[in-house]
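Notes follow the structure.
The values are calculated or read from the model by the stated rules, or taken from the named source; none is laboratory data. Predicted, not measured: the structure shown is a model, and the values here were computed from it. Heads up, the Cβs are rebuilt from the backbone with ideal geometry, glycines too, and the neighbour counts pull from every protein chain shown.
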Amino acid sequence: MASCTEASMNWHHSRFRVTQNLESYQLLWLDQNMTETQENLVIQKKLRGVINQLKVFNKMKNCEGHLLNLSSAADEKVVLIIADQFSREFLALIHDLKQLCAIYVYGTTLECIDEWRRQFSKIRGVFYDSEEMINRIKKDQYLREKVHEKSIGISIYNLNHNEGLEQRNAMFMHFQLFLEIILNMKPTPEKTKKELLDFLRVMYRDNDEQLRVINEFDRNYSMDRAVWWYTKYTLFYSFLNKALRNHDFDILTPFRFFIRDLFKQLSDEHQKYLGTLTKPIIQVYRGQAISEEELKLIKDNVGEYISMNSFLSTTTRRDIGELFAESSTTGIGSVKRILFEFHIDSHMTNSKPFADIRHLSHFAEEDEVLICLGTIFRIKDMNFNDQQNLWIAKLELCSSDDFALKEIFEHEKTLMQPTPSLLHLGKLLGNMGSYEKQKTLIQQILNESEDALEKENCYLLLGQSARFLKDYDMALENNFKCLELQEKAGVDDVNIGQTYITIAEVHFLKLEFDLSLEYAKKSLILVPEDHLLRANTYRLMGKTHSKKAEYELSLDCCKKALEVQQKTMPKDDKDVGLTYYWMAVAYENMNSYSMALECFKESLRISRKTLPPTHENIRIFEEHVKRMEAKVNII
């Protein structure tokens, strides 16, 4: 019987085949005389073996447009090959774009090329021979990737309550929940390994060099070799780290078995490592380049929590860490050098694993302690060493119990019982406002499922994504399919009550308020007192009465919803924020403007804390607060 933990991600193949570069670098070749000769095709194939994403342009404006379109992509870097027939003006126009990291001039007969090299610092070489150029790009790219892939994404959790920080807090929590799901899903190693390999073979279908690596992985990989493969700096390392840095949960899904194997092997080694320690406190170091934005983020959050969004390679030798920091900024541009000092209490409970992996690593001679992704630290200090031209950040290991969103985190975990699955990942995508991704994932699970209960949940989540994508007829269709399966299976009243409330939600959005109240009341009959579903039902009835201009009834229902929520969920749960919003609407229409403003502010505070910064509710609530503040000030 197929299950959602076994669903193959064929949806990745069509979604990312052309539209998205899944690595950090892409190679552009601009030559107005470019033709598809056999010689050029051979050169392109060799170049693709160095940087998989290769785009060829014969018009300057098309190349410029592509570069400008990448300007907002934080993790996209470009290497450019340019023919000598293009002007100095074009180079001046593109040279300082932050995503452009290197330029190689090919086929030149220009007498002024030395002047070009003096003026444009990103020119790495001038070549007439293609093999010489390819070898130079390959050598430079190895160094670039070794430095860039050492960079890590970070998530900050700050106890203060301002807009930017609260939205970062939500991203912090969602990443922790994502890890909770993929690390605890029921393992199906052969199925998910095939899924990953199928995905990668499509991505690298024209790249013979990377296909050889993929085939080697297929033949030789085993769980006890996960660390070895991760430290080999193959496509698995670069591909995975980019997705982790950017929180690309849908891209990370095919890697879930590999991430889980890494975690399992590191956990096993962790226990052995603790037995070798002679002191309870260990100190490890990591030197790297860091963007000015990330540097400012750390400086502004001394005393707060930080989570690293990848597996973290560190050394017990400070001098090695400093050496990595010193070499990390060579030819990279506007980045800074930083040395992280990690202060780790080996007696700390409920923290993620760390271990000496030199005996497992591809580079066995290196002194290396690997720290699990998602490990939480507190930023103790941040200072600048003038003599070394080096920022030094001192971090202290924290228990996963410490961060202040733990109450909400634990509440979300209880909803994943007994075992997390891809369905829970689909729900998380919905909570983040990524409804298209949610829809695509859940539809694939449904297509492959033969389990009735799983199909019920799929239809329910498809109804959710359709509802938020404003396809209300499709939402109702999915909800009634779910209800049909439930009634056929004789499921318990609470589950049917949940489906009734989702149907009521869609009728509300279709402005069919009487039908909405009818299904909401059916839900109330089935759901026991003090069950959190009653809170959702009361809130829906409250906003429905509000739309019918029955504001006293609306406020009464919302207060009942809040009363249940205060008994059954964390005080800052996102659903509590929605209840405050509808209370505010009722108060405003009853001319109680001060109470309305208070409730609007509370809904905004909670939403900033628990929703990603792109979620539309944050923008909506901000506008209401501004509007109500103006109204209160007039009075």
Report task. State whether the residues of region 287-307 include one that is within 23 Å of the chain's Cα centre (by Cα) and within 18 Å of Val227 (Cβ to Cβ). Result -> no
Query raised in the report: Do we have any residue at all in region 229-249 that's farther than 27 Å from Thr315 by Cβ, buried (at least 20 other Cβ atoms within 10 Å of the Cβ) and not assigned by TED's automatic domain parsing to the domain that holds Lys55?
Result: yes
Query raised in the report: Regarding Phe480, is this residue in contact (Cβ under 8 Å) with a residue 12 or more places away in the chain, of a type in the set (Phe, Trp, Tyr) and under 24 Å from Asp572 (Cβ atoms)?
Result: no
Report task. All but one of (1) at pLDDT 90 or above; (2) among the hydrophobic types (A, V, I, L, M, F, W, C); (3) surrounded by fewer than 21 Cβ atoms within 10 Å (Cβ to Cβ) hold for Phe377, so report the exception by its number. Result -> (3)
Requested in this report: Output the number of residues of region 618-635 satisfying the condition of being free of Cβ contacts under 8 Å to residues at least 24 places away in the same chain and more than 25 Å from Leu469 (Cβ to Cβ).
Outcome: 5
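With Leu415, Leu397 as the choices, which residue is surrounded by fewer than 23 Cβ atoms within 10 Å (Cβ to Cβ), free of Cβ contacts under 8 Å to residues at least 40 places away in the same chain and not assigned by TED's automatic domain parsing to the domain that holds Thr610?
Leu415
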Query raised in the report: Here is a list of conditions, (1) over 30 Å from Leu297 (Cα atoms); (2) surrounded by 21 or more Cβ atoms within 10 Å (Cβ to Cβ); (3) modelled with pLDDT under 90; (4) not hydrophobic (A, V, I, L, M, F, W, C), and Tyr459 meets all of them except one; can you say which number that is?
Result: (3)
Report summary line: If we keep only residues of region 223-269 that are assigned to a loop (DSSP other than H, G, I, E, B) and more than 19 Å from the chain's Cα centre (by Cα), then the residue farthest from Gly430 (Cα to Cα) is Lys232
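For every residue, the table says whether it meets (1) among the hydroxyl-bearing types (Ser, Thr, Tyr); (2) crowded, with 21+ Cβ neighbours inside 10 Å; (3) under 26 Å from Ile156 (Cβ atoms).
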site	(1), (2), (3)
Lys522	no, no, no
Thr537	yes, yes, no
Gly542	no, yes, no
Ser546	yes, yes, no
Glu550	no, no, no
Asp573	no, yes, yes
Ser603	yes, yes, yes
Thr614	yes, no, yes
Glu629	no, no, no
Report summary line: Pairing a residue in region 332-361 that is in the same structural domain as Gln265 (by TED's automatic domain parsing) and among the hydroxyl-bearing types (Ser, Thr, Tyr) with any residue that is surrounded by 15 or more Cβ atoms within 10 Å (Cβ to Cβ) and part of a loop (DSSP other than H, G, I, E, B), where Cβ atoms lie under 8 Å and the two sit 6 or more apart in sequence or on different chains, gives Ser351/Thr375; Ser351/Cys398; Ser351/Ser400; Ser361/Thr231; Ser361/Glu368
Query raised in the report: Yes or no: Gln167 buried (at least 19 other Cβ atoms within 10 Å of the Cβ), within 22 Å of the chain's Cα centre (by Cα) and modelled with pLDDT of 65 or more?
Result: no
Query raised in the report: Going by the conditions given, is Glu454 on the phi < 0 side of the Ramachandran plot, surrounded by fewer than 17 Cβ atoms within 10 Å (Cβ to Cβ) and in the same structural domain as Thr610 (by TED's automatic domain parsing)?
Result: no
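Of all residues in region 380-392 being among the charged types (D, E, K, R) and either surrounded by fewer than 13 Cβ atoms within 10 Å (Cβ to Cβ) or free of Cβ contacts under 8 Å to residues at least 24 places away in the same chain (or both), which is farthest from Glu341 (Cα to Cα)? I'd like the intermediate steps shown before the answer.
Residues of region 380-392 that are among the charged types (D, E, K, R), as a first pass: 380-381, 386.
From the residues that got through so far, the ones that are either surrounded by fewer than 13 Cβ atoms within 10 Å (Cβ to Cβ) or free of Cβ contacts under 8 Å to residues at least 24 places away in the same chain (or both) too are 381, 386.
Details: Asp381: 10, Asp386: 17 Å.
Out of the qualifying residues, it is Asp386.
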Query raised in the report: Within the bounds of region 199-211, is there any residue that is buried (at least 20 other Cβ atoms within 10 Å of the Cβ) and either more than 26 Å from Leu47 (Cα to Cα) or outside the structural domain of His359 (by TED's automatic domain parsing) (or both)?
Result: no
Report task. Could you please tell me which pairs satisfy a Cβ distance under 6 Å, a separation of 6+ or placement on different chains, a first residue in region 79-93 that is assigned by TED's automatic domain parsing to the domain that holds Gln141, and a second residue that is of a type in the set (Gly, Ala, Ser) and modelled with pLDDT of 85 or more? Result -> Val79/Ala102
Query - Output for region 570-617, where each listed residue is without any contact (Cβ under 8 Å) to a residue 60 or more places away in the chain, hydroxyl-bearing (Ser, Thr, Tyr) and outside any loop (DSSP other than H, G, I, E, B) - result: Thr579, Tyr580, Tyr581, Tyr587, Tyr593, Ser594, Ser603, Ser607
Requested in this report: Go through region 277-317 and count every residue that is outside any strand (DSSP E or B), within 19 Å of Ile357 (Cα to Cα) and charged (D, E, K, R).
Outcome: 2
Requested in this report: Filter region 512-534 down to residues that are modelled with pLDDT under 95 and of a type in the set (Asp, Glu), then give me how many there are.
Outcome: 2
